[in-house]
1. Surrounded by fewer than 15 Cβ atoms within 10 Å (Cβ to Cβ) and aliphatic (A, V, I, L, M): which single residue out of Ala224, Ala191 fits that description?
2. Quick one: Trp168 ticks every box in (1) of a type outside the set (A, V, I, L, M); (2) within 19 Å of Gly117 (Cα to Cα); (3) surrounded by fewer than 23 Cβ atoms within 10 Å (Cβ to Cβ); (4) in contact with a Phe, Trp or Tyr (Cβ under 8 Å, 6 or more places away or on another chain) except a single one, so which number is it?
3. Condition check: touching a Gly at 6+ places or on another chain (Cβ under 7 Å) and surrounded by fewer than 24 Cβ atoms within 10 Å (Cβ to Cβ). Does Leu140 satisfy that?
4. Is there any pair linking a residue in region 188-200 that is more than 17 Å from Leu85 (Cβ to Cβ) to one that is surrounded by 13 or more Cβ atoms within 10 Å (Cβ to Cβ), with Cβ under 7 Å and at least six apart or on different chains, and which?
5. Could you tell me which residue of region 1-42 is farthest from the chain's Cα centre (by Cα), considering only residues that are under 26 Å from Thr72 (Cβ atoms), assigned to a helix (DSSP H, G or I) and hydroxyl-bearing (Ser, Thr, Tyr)?
6. Inside region 245-271, can you point out the residues that are of a type in the set (Val, Ile, Thr) and surrounded by fewer than 16 Cβ atoms within 10 Å (Cβ to Cβ)?
7. Could you please let me know if Ile133 is at pLDDT 95 or above and out of contact with any strand residue (DSSP E or B) (no Cβ under 7 Å at 6 or more places or on another chain)?
8. From Leu24, Leu59, Leu50, which residue is at pLDDT 95 or above, surrounded by fewer than 22 Cβ atoms within 10 Å (Cβ to Cβ) and at negative phi?
Amino acid sequence: MNLVNATRSELTKQFSTSVWWILLIVLVLYIGGTAGGMAAVFGAGETGALAGATLPTGLGDRLPSLIYGLATAMGYVFPLIVGSLLVTGEYRHKTLTPTFLATPRRGVALTAKMLAGVVMGLVFGGAAVASTIGAGGGALALFGVDPQLERPETWAFAGRMLLALVLWVLVGIALGTLIRNQIAAVVGILAFTQFVEPIARVGASLVDGLADVVRFLPGAASDALAGDSIYAVMGGGAGQPLDWWAGGLVLAGYAMIFAVIGYVVSWRRDVV
């Protein structure tokens with residue numbers, strides 16, 4: 001019962017602020033707009049409506065999954081930040097002390113945040129997947145390219161993307177537990193997701209042996225779980241990717257490892 005009440009309290013805290021829906025709107029506009037624009041350009045090139053816009057050889061039938069896969073390939077940073085804010089926001093606004101007074105067992109408090117994170121992940125993941133499929137699939141259909149919405153594989157792909165985005169929220173919560181400073185956590189997340197890992201994944205095609213390493217990075221594991229990614233076209237898909245289930249285990253492993261370390265070295269410390 002304590003866990004149920006603590007989880008309900010965490011959800012109330014999240015949905016009583018404006019941060020979540022502002023980030024949700026930005027996510028939908030950013031990911032949906034990118035998916036729609038990319039689908040329009042590639043769709044026009046596929047049908048010959050736009051001279052000079054052509055697809056790499058052999059990607060025609062794969063085009064819808066590349067467009068829909070933007071939900072995880074580009075959108076994962078949003079649930080990752082949301083997860084980190086679930087924890088670092090309490091440190092910043094000094095609300096963690098009453099949280100611990102209401103739930104003295106800190107393991108229960110952290111578990112409640114993880115459960116609340118699953119709900120937030122479903123919200124943000126559902127919005128990301130719906131926006132890429134809606135905008136991207138609509139643009140493809142507009143230019144006469146089959147959006148493949150009648151295929152079971154497409155919806156299985158969507159389900160795996162949703163799972164990946166839920167796991168990203170849990171990774172964010174774990175990082176927030178480890179890195180108590182909100183600014184440091186957000187800046188670190190943006191630096192790694194937007195610069196460090198993308199550069200490493202693209203560079204994997206240029207350095208022998210690096211591909212076997214970068215496929216275990218969190219972004220690469222997320223793409224493997226989903227099943228496809230624009231990185232495979234950009235050169236960041238060098239090497240054999242993990243199986244989808246292995247990618248899911250690796251991503252979940254990051255969440256678990258960071259959460260355990262954060263709990264041991266930071267979560268149990270006094271709040272100042």
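1. On the way: Ala224 fails: surrounded by fewer than 15 Cβ atoms within 10 Å (Cβ to Cβ).
Testing whether each residue is surrounded by fewer than 15 Cβ atoms within 10 Å (Cβ to Cβ) and aliphatic (A, V, I, L, M) leaves just Ala191.
2. (3)
3. Working: touching a Gly at 6+ places or on another chain (Cβ under 7 Å): yes; surrounded by fewer than 24 Cβ atoms within 10 Å (Cβ to Cβ): no.
It is false that Leu140 is touching a Gly at 6+ places or on another chain (Cβ under 7 Å) and surrounded by fewer than 24 Cβ atoms within 10 Å (Cβ to Cβ).
4. Note: pairs meeting the criteria are Glu197/Leu217; Glu197/Gly219; Pro198/Gly236; Ala200/Val214; Ala200/Leu217.
5. Thr7
6. Ile257, Val260, Ile261, Val264, Val265, Val271
7. On the way: at pLDDT 95 or above: yes; out of contact with any strand residue (DSSP E or B) (no Cβ under 7 Å at 6 or more places or on another chain): yes.
Yes, satisfied.
8. Numbers: Leu59 fails: at pLDDT 95 or above; Leu50 fails: at pLDDT 95 or above.
Selected residue: Leu24, the only one of Leu24, Leu59, Leu50 that is at pLDDT 95 or above, surrounded by fewer than 22 Cβ atoms within 10 Å (Cβ to Cβ) and at negative phi.
The values are calculated or read from the model by the stated rules, or taken from the named source; none is laboratory data. The structure presented is a predicted model; accordingly, all values stated were derived computationally and were not measured. In this analysis, Cβ positions are derived from the backbone assuming ideal geometry, glycine residues included, and neighbour counts consider all displayed protein chains.
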